[in-house]
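Right, one structure below, let's go through it.
Here, each number is a calculation from the coordinates, and none is a lab measurement. Since the structure is predicted, the reported quantities are computational estimates derived from the model, not experimental observations. Cβ placement follows ideal geometry from the backbone for every residue including glycine, while neighbour counts extend to all protein chains displayed.
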Amino acid sequence: MSDQAIRRLRLGSGVVLFAYILSHLVNHALGAISLDHAEAGLRLAMRLWHSRPGTVLLYGAAVIHVALALRTVFLRRHWRLPVIEILRIASGFSLPLLLIGHVVATRLTLTLFDVPQSYGRTVSNLAASGNEGWQLALLAPGWIHGCLGLWITLRRSAWAQKVRGLLVAAVVALPAAAALGFYRMLEEAARQPLVGALPAPSDSTLLGAWQSSLTRSYIILVVAALVGGQIYQRWVVRRDNDNRSS
């Protein structure tokens, strides 16, 4: 596969994942208005991401983007990179953690235990488990990664330079609005009775086991790509030196 094709795949899959994170942040921000507004935004997002085309698009993009990221890590000969590039790469590896959490909390919960997704249920469950801060922390690096990736792609454009200040403001303002909306939803959900049941403790244990297993597998892949890549690059250098000496 040519370098140009790889760049197009990386950009295309990245745009899909960026749209997914953007929809999450916008839905969270709607919570600053009311929980009902956030629920309406969630229903709209679910129509997109839970449809068959949306599912194929989202998880296909995730697989492609992660595979290309692992390939980059494996083939990189050195890590003397600009700070912005290191930040982009490091933050990008948080995306699968977000998606793993999403799969477990929504798809598996619905498929295995027939528990539909709603903001009232989700924020109540996060508050009960003490994981509300973790949810927001997972969104932030993915947002940073997407913004940096798009900026690196578009920064040579004259129009991007003209609106750079507005873009920076949006990069900061949307996560801030999402955090405000999320905590407003927590307050509102605490005042309302929870409609529908949460997974039973045994079901939650099973979901936690799924998430831990998927997270471990992903971390093993990243470490294997990093360590294996360095071993491979040293072998290439030694082979080239042997060829030149012979």
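With the simple model of a label 7 Å out from the Cα in the direction of the Cβ, SER2 to ARG80 spans 3.1 nm.
How large, in Å, is the stretch 1-83 by the Kirkwood hydrodynamic radius built from its alpha-carbon pairs? All intermediate terms of the calculation are to be shown ahead of the outcome.
Numbers: mean 1/r = 0.0677 Å⁻¹.
Result for the stretch 1-83 stands at 14.8 Å.
Find out how many positive minus negative residues lie around GLY14, taking Lys and Arg as positive, Asp and Glu as negative, among other residues whose Cβ is under 12 Å from that of GLY14.
On the way: positive: ARG7, ARG8, ARG10, ARG88; negative: none.
Surrounding charge for GLY14 is +4.
Using θ = phi - 60° in the Karplus curve 6.51 cos²θ - 1.76 cosθ + 1.60, the 3J(HN,Hα) couplings for the stretch 143-150 round to 5, 4, 4, x, 5, 5, x, 5 Hz; x is entered for Gly and Pro. A Förster distance of 51 Å, applied to the separation of the beta-carbon atoms of TRP159 and TRP210, puts the FRET efficiency at 0.70.
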